[in-house]
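K.L.:
Quick one: the structure is below, questions incoming.
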Amino acid sequence: MCGIVGYSSTSNSIELSEFVSMIKSLDYRGYDSWGFTFKDADQLKTEKQLGKIETPNQQGSATFVIGHTRWATHGKVTKDNTHPHTSNSNKISLVHNGIIENHQELRNKLKDNGFNFYGETDTEVIPNLIEFHLRTSESVLEAFKKTLDELKGTFAITFLHDKSKKIFFARRDSPLTIGVDKDSLIVSSDVTSFIDRTKKVIYLEDGDYGYINSEIKIFNKEKEVHREISEIDWDVSKAKKGDFKHFMLKEISEQVDTVKQALIQDSKLIEKITNELKSSEVYIVACGSSYNAAKAAEGEFLKNGLIPRIIHAHEFEQYEKFLSEKSTIIAISQSGETLDLINAVKIAKTREAKINAIVNVQGSSLTRLSDNNIFMNVGPEICVLSTKSYTAQVAILMLLASSLINKPNESKQEIEEIVRHIYYLTSESARKHTKELSQILRYSNHIFTIGRGRDYATAMEAALKIKEVSYIHAEGFAGGEIKHGPIAMIEHGTPCIVFVPNKNNQDILSNAQELKSRGAFIIGISEKKDETFDYWIKVLGPDKFSPILRIIPIQALSYYLAIMKGLDPDKPRNLAKSVTVK
Ligand code: M6R
């Protein structure tokens, strides 16, 4: 988590307020506190603030600036813990994303050598360690290299040295890119901070370190290396809210296009992956909504003769001994940076398993570890909640499932047909109805979501959406499980959202009846109204695509619950968009 950015130019200075807006474009990565350091002649000047990114107090411009937006891991949200962190003599100012696992050991060593510490972060050891190594090094780069050799853990780092006209950087398991503009270079966690300046980008590799000034110097294992410049293939407007008040609403609305775009894939690649799936043991690994997407498509795989093992990436280690060159992994991730997933993929690679990624962010760590990448093509997803990436993942998995029975075009045609339903579900009139429901539910302490089969996955995803943005406790249950315990929670008026398919719906309607007879307030999501429903949201379309269609009203409901409660739907508390810690 956390976003880092550094601007360097030997000819063109940047206004500090403009630089701060670059940090702001990374605030989906963390928004607890923020700060920046700029070089003023041979002095480093730092400003730090708590809370949301606003206009800086410092005025003026600079040619070398680094900045950070924090998602707190080590240490509370205080100014002392806010980045940039400066070394004891203010020679080094540094920003960091990741975790330094041996920070305590390094802190002790530095304390023994006369260094003082002022905060609780793991990061604070890095600038001081560089300063320590400067005592015995001939250059800053040499001191930096010695420091990197001592660090254990994951990181993306950039720093300024008071006497050097350079921004130094390094990456290990945390993302870092360099934007290449006409007269400036920008090192950043993500391209969103510079997409409105340049579309030319270098995706740094693990172990890369170096510096930027008017040129780019990259080293890996002490040798200078060259990294290709790529072109970003999406437009800056995709990363702006446009007429929408929040990214969440914009991204929900975009699904009318993104579900289709997700299916524009190279047919040869899909065929190749499908053949691999047919002849190997298949593991699908993912976290959060990406995991729910896999569960939503599980039924289609089973129907078409494939039993995928769907495993949370953070639990994957337990499966290591079963992996071999006969295993195929489908790794699903919007960001391509989720550390648990990256670790799972690395484990699979050591056992020579084949890695196929379903991923949104081009150039992300996952894309570089995988043998094949299926891109989601949904453009940047800025809101912390997965919405359009979730439905795109489901669509792609459905494409793979139908390819198993040699009918890859079946999903494409069917998706074309359901687009009109998505159009209605994302329309203002459909949202108005959902908004009314949010008024009824806004004071609820609990909301339960219930489904069977593929709708159980939708229930899980629905509960995740509601709780992460509205902070109302929400839990998803399989209809068949309710009587085994959860029904004890039902009181008069407990809201239960029930996903009802068009066919074979007797069992889930009986579950709704059981809940209603205990006093539950039943919200039915279905094509036809049922007498058990106290509130009904009409969703048309074939059951096969229910995981895509039926989640949309709940995405909208979650959005309105956040709005009703005066919360920022794009940046729920305690969360960040890409989870690059264990
Ligand atoms: O980038 P990823 O798809 O790997 O992220 C996985 C989860 O962190 C993510 O889906 C998370 O659960 C979302 N906030 C849910 O809305």
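The values are calculated or read from the model by the stated rules, or taken from the named source; none is laboratory data. As the structure is a prediction and not an experimental result, all values here were calculated from the model. Here Cβ is always computed from backbone atoms with ideal geometry, including for glycine, and neighbour counts include all displayed protein chains. What goes into the accessible areas is simple: the full protein's heavy atoms, side chains included, and nothing from ligands, DNA or RNA. Shrake-Rupley method; radii C 1.70, N 1.55, O 1.52, S 1.80 Å.
K.L.:
Looking only at region 373-406, filter to residues that are in a loop (DSSP other than H, G, I, E, B), closer than 24 Å to PHE247 by Cβ and β-branched (Val, Ile, Thr); which one of those is farthest from the chain's Cα centre (by Cα)?
P.N.:
Among residues in region 373-406 that are in a loop (DSSP other than H, G, I, E, B), closer than 24 Å to PHE247 by Cβ and β-branched (Val, Ile, Thr), the one farthest from the chain's Cα centre (by Cα) is VAL378.
K.L.:
Give me the pairs, please: first residue somewhere in region 263-283 and assigned to a strand (DSSP E or B), second residue anywhere and open to solvent by less than 10 Å² (accessible area, probe 1.4 Å) and of a type in the set (Ser, Thr, Tyr), beta-carbon distance under 9 Å, and either six or more positions apart or on two chains.
P.N.:
Pairs that qualify, where the first residue is assigned to a strand (DSSP E or B) and the partner is open to solvent by less than 10 Å² (accessible area, probe 1.4 Å) and of a type in the set (Ser, Thr, Tyr), are GLU281/SER327; GLU281/THR328; VAL282/SER327; VAL282/THR328; TYR283/SER327; TYR283/THR328.
K.L.:
Let me ask something else. Among the candidates ILE548, ILE525, ILE537, which residue alone is open to solvent by less than 60 Å² (accessible area, probe 1.4 Å), assigned to a strand (DSSP E or B), within 30 Å of LYS245 (Cβ to Cβ) and out of contact with any Lys or Arg (no Cβ under 7 Å at 6 or more places or on another chain)?
P.N.:
Within the list ILE548, ILE525, ILE537, the selection yields ILE537.
K.L.:
Something else: Going through TYR424, TYR443 one at a time, which residue ends up being more than 14 Å from the ligand (Cβ to nearest atom), open to solvent by 10 Å² or more (accessible area, probe 1.4 Å), of a type outside the set (S, T, N, Q) and touching a Leu at 6+ places or on another chain (Cβ under 8 Å)?
P.N.:
TYR424
K.L.:
Given SER364, SER438, which one is open to solvent by less than 20 Å² (accessible area, probe 1.4 Å), of a type outside the set (A, V, I, L, M, F, W, C) and more than 16 Å from the ligand (Cβ to nearest atom)?
P.N.:
None of the others qualify; the one that does is SER438.
K.L.:
Still on this model: Picking from VAL259, VAL361, which residue would you name as being in a helix (DSSP H, G or I) and of a type in the set (Val, Ile, Thr)?
P.N.:
Of the residues listed, the single one that is in a helix (DSSP H, G or I) and of a type in the set (Val, Ile, Thr) is VAL259.
K.L.:
Conditions: (1) at pLDDT 95 or above; (2) of a type outside the set (Val, Ile, Thr); (3) out of contact with any helix residue (DSSP H, G or I) (no Cβ under 7 Å at 6 or more places or on another chain); (4) within 14 Å of the ligand (Cβ to nearest atom). LEU339 meets all but one. Number of the miss?
P.N.:
The single condition LEU339 does not satisfy is (1).
K.L.:
Further question on the same structure: Of (1) over 20 Å from GLU461 (Cβ atoms); (2) surrounded by fewer than 19 Cβ atoms within 10 Å (Cβ to Cβ); (3) not small (Gly, Ala, Ser), VAL282 satisfies all except one. Which?
P.N.:
The single condition VAL282 does not satisfy is (2).
K.L.:
Another one. Just a yes or no: is a residue in region 286-300 out of contact with any helix residue (DSSP H, G or I) (no Cβ under 8 Å at 6 or more places or on another chain), more than 16 Å from the ligand (Cβ to nearest atom) and either open to solvent by 30 Å² or more (accessible area, probe 1.4 Å) or in the same structural domain as ILE329 (by TED's automatic domain parsing) (or both)?
P.N.:
No: region 286-300 contains no residue that is out of contact with any helix residue (DSSP H, G or I) (no Cβ under 8 Å at 6 or more places or on another chain), more than 16 Å from the ligand (Cβ to nearest atom) and either open to solvent by 30 Å² or more (accessible area, probe 1.4 Å) or in the same structural domain as ILE329 (by TED's automatic domain parsing) (or both).
K.L.:
Name the residue that is nearest to GLU381 (Cα to Cα), counting only residues in region 321-357 that are touching a residue at least 40 places away in the same chain (Cβ under 8 Å), within 16 Å of the chain's Cα centre (by Cα) and outside any loop (DSSP other than H, G, I, E, B).
P.N.:
Result: SER333.
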